[in-house]
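Before any comments, here is the structure.
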Amino acid sequence: MYYKILYFFYKVYCFLLRPIRMGVRVLMLQDDKVWMIRHTYMSGWHLPGGGLKKWESLDQAARREAREETGAELGDISLLGTFTAHVQWNTDHTIVFLCKDFKITGKSDGEIAEVRVFPLDALPENVFRPHRHLLEAFKKDELKPNFGKW
């Protein structure tokens, strides 16, 4: 409930100030299976990720978010793409990383309701639309150019 209340106030902030936001997502793959998260405050399955903190680099943010949301320690990561979305009142820029080298060493934080692993060819119905599009393009090796709109 705490996260739902915070999320509501965050939406009010976005409505009033119309921020330009920058965030990261991590496509965590092993054996053609993708790790996904379900938040406590919004519906659907998402790739792990979130916003950058002040003085944080993109790869530091990706590693922090993966650790907080899945309990994973990431090894080598590579840039998969940069995507822009105009959602509600915001402009969101999301940097997506690919990681096939990770170990689950902990647990997710209180923001995450569930962490699950899905085969790339058997994703659940309620995957967040931009993430589903990215996963389908990745599966078909059609993620070129590495930027675009969500």
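Only the coordinates and a few stated rules stand behind these numbers; no lab work does. In this text, all values refer to a predicted model and were calculated from it rather than measured experimentally. Virtual Cβ from ideal backbone geometry, glycine too; neighbours counted across all protein chains shown.
Per-structure values
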| item | result |
| --- | --- |
| Fraction of beta bridges assigned by DSSP in the chain that are antiparallel (%, nearest 5) | 70 percent |
| Debye, to nearest 20: dipole size of the stretch 8-84, +1 on Lys, Arg Cβ, -1 on Asp, Glu Cβ | 500 debye |
| About the Cα centre, charge dipole magnitude for the stretch 2-143 (Lys/Arg +1, Asp/Glu -1 at Cβ), debye | 500 debye |
| Positive-end extreme of charge dipole, the chain - chosen from I37, H133, Y2 (charges on Cβ) | Y2 |
| Residue exposure sequence - V117, V26 - by fewest surrounding Cβ within 10 Å | V117, V26 |
| Mean ellipticity per residue at 222 nm, deg cm²/dmol - from DSSP H runs of n ≥ 4 across the chain, formula -39500 (n - 2.57) | -8500 deg cm²/dmol |
| Overall form of the stretch 38-150 per C-alpha gyration tensor (a/c, 1.5; a/b vs b/c) | rounded |
| Nearest-20 debye value, the stretch 41-123 charge dipole, Cβ charges on Lys, Arg, Asp, Glu | 100 debye |
| Dipole of the chain, positive end: most advanced residue of L74, S57, H86 [Cβ charges, Cα centre] | H86 |
